[in-house]
Amino acid sequence: EKGTYPHFMLKEIDEQPIVMRKIIQEYQDDNGQLKLDQDIRTAMKDADRIYIIAAGTSYHAGLVGKEFIEKLANIPVEVHVASEFSYNMPLLSEKPLFVFISQSGETADSRAVLVKIKELGHPALTLTNVPGSTLSREANYTMHLHAGPEIAVASTKAYTAQIAVLAILAVDTARVKGLELDFDPLQELAIVANAMEVLTDQKEELEQLARDYFGTTRNAFFIGRSTDYHVAQEAALKLKEISYIQAEGFAGGELKHGTIALIEEGTPVIALTTQENVNYSIRGNVQEVVARGANAMVVSMKGLEQDEDAFVIPHVHELLTPLASVIPMQLLAYYAALHRDCDVDKPRNLAKSVTVE
Ligand code: F6R
């Protein structure tokens, strides 16, 4: 039940620090070490390439997961939109492992891929919020997201849970493979949980920003580079699905290759910057759109901020910044939808789990 909350979405946004702490607890043994099924460890260790299959927000979490697994566990990863996979089936490696990411565990597009790869005899691991769901039962292995029921159609806490569990999976695999790491995911996720609390306490500021930037606009652009680009895509999806504002997430460097033609006087452009190596370039993109009349908002991370930034998120480990930077994006979408009198929890034309292909 939503208790004192006006909407499930707002409640679920607020639950994210609790979900992080739950994940830390569930994936930790009595000695404070990572706890994972031995079978999953073996499957990850044996894989020469990982194919992540997902849809929508879960696909966006997969894009972040690819970075973790490649950077930390040193295994090549491809991320595929489930509905596209079978049209152009990639050339598979010799020992592929398929990782399905699905909040509901019922997404038909993902299930179609699972059926197909099982016929080919390949192993599958499902990351889901619903153990016992179709994708969980039909895969060889399951990792539980522990996010608790997600009722609002717009996915929020499942996205951050997916990213947290992917970080744990990547680090665990690295350890099993004997790779040296100076990244303790449980410790860093605890820092994230605290940062999330700070962020969910800033509703008034974000409500005002939503009013200023999305009050009457017909479209909006989110830009980022590297990890921030993945969050820009998720931010755009959140905004469009509940507020019906046409929104797109772009790689900062791609602006000049076409999208910048759409910038007019007052067009909202939200730029994310949480990575030191892109901070300079993305700010260059902001100047380019401002010169063409955009109403730009910079959301940066502590340590990289400048005076004119509209919003600054607390400092978290550079690999885990999506877990913090997505929170203001979720709240901006929520308040934009609220101000436009949209049905936040049940947006038009959408269902919580998409069980048709
Ligand atoms: C967006 C959203 C959808 C789902 C997508 C996949 O907020 O909820 O894009 O992420 O339909 O659903 P699952 O994760 O249940 O497979």
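Give me, ordered by chain and number, the residues 5 or more places off Ile53 or on other chains with an amide H under 5 Å from its own placed amide H.
His80, Val99, Phe100, Ile101
Any idea what angle helix 108-119 forms with the longest principal axis of the chain, computed on alpha-carbon atoms, 0 to 90 degrees, nearest 10?
Approximately 30 degrees, to the nearest ten.
So what is the accessible area of region 223-357 per residue, in Å², with the probe set to 1.4 Å?
Working: 5710 Å² over 135 residues.
So region 223-357 comes to 42 Å² accessible per residue, rounded to a whole number.
Let me know the number of lysine pairs in region 82-203 closer than 20 Å at the Cα, not counting same-chain pairs under 8 apart.
4
Just subtract the alpha-carbon distance of Gln187 and Gln306 from 0.36 nm times their residue separation and send over the number in nm, one decimal.
Values: separation 119, 0.36 × 119 = 42.84 nm, distance 2.80 nm.
Full-extension gain reported as 40.0 nm.
Under unit Cβ charges (Lys, Arg +1; Asp, Glu -1), what dipole magnitude, rounded to 20 debye, does the chain have relative to its Cα centre?
The calculated dipole for the chain is roughly 720 debye.
Considering only Thr273, Gly132, Cys342, whose Cα is most displaced toward the positive end of the charge dipole of the chain, charges sitting on Cβ of Lys, Arg (+1) and Asp, Glu (-1)?
Towards the positive end, the residue furthest out is Gly132.
Restricting to DSSP H runs of at least four residues, report the calculated mean residue ellipticity at 222 nm for the chain, -39500 (n - 2.57) per run over all residues, nearest 500 deg cm²/dmol.
Result for the chain: -14000 deg cm²/dmol, rounded to the nearest 500.
What angle, in degrees between 0 and 90 and rounded to the nearest 10, separates the Cα long axis of helix 203-214 from the longest principal axis of the Cα atoms of the chain?
70 degrees
Over region 1-114, average the accessible area per residue using a 1.4 Å probe and give it in Å², no decimals.
Per-residue value: 44 Å².
Out of residues 5 or more away from Met297 or on other chains, whose amide H comes under 5 Å of its own, with H placed 1.01 Å from N in the peptide plane?
Residues meeting the amide H criterion: Val269, Ile270, Ala271.
At a 1.4 Å probe, what is the % contribution of carbon and sulfur to the accessible area of the chain?
Here it works out to 46 percent.
Would you kindly state how much longer the chain becomes between Ala108 and Gln202 on full extension, computed as 0.36 nm times their sequence separation minus their alpha carbon distance, in nm to one decimal?
The span from Ala108 to Gln202 would gain 30.1 nm if fully extended.
What do you get when you divide the Cα radius of gyration of the chain by 2.2 N^0.38 Å, with N the number of residues? Could you put the intermediate results ahead of the total?
On the way: Rg = 19.6 Å, N = 357, 2.2 N^0.38 = 20.5 Å.
Normalised by 2.2 N^0.38 Å, the Cα Rg of the chain equals 0.96.
The values are calculated or read from the model by the stated rules, or taken from the named source; none is laboratory data. Predicted model, so just to flag it, every value in this text is computed and none were measured. We place every Cβ from the backbone using ideal geometry, glycine too, and count neighbours over all the protein chains shown. Remember, those area values only see protein heavy atoms, side chains included, never the ligands or the DNA or RNA. Shrake-Rupley method; radii C 1.70, N 1.55, O 1.52, S 1.80 Å.
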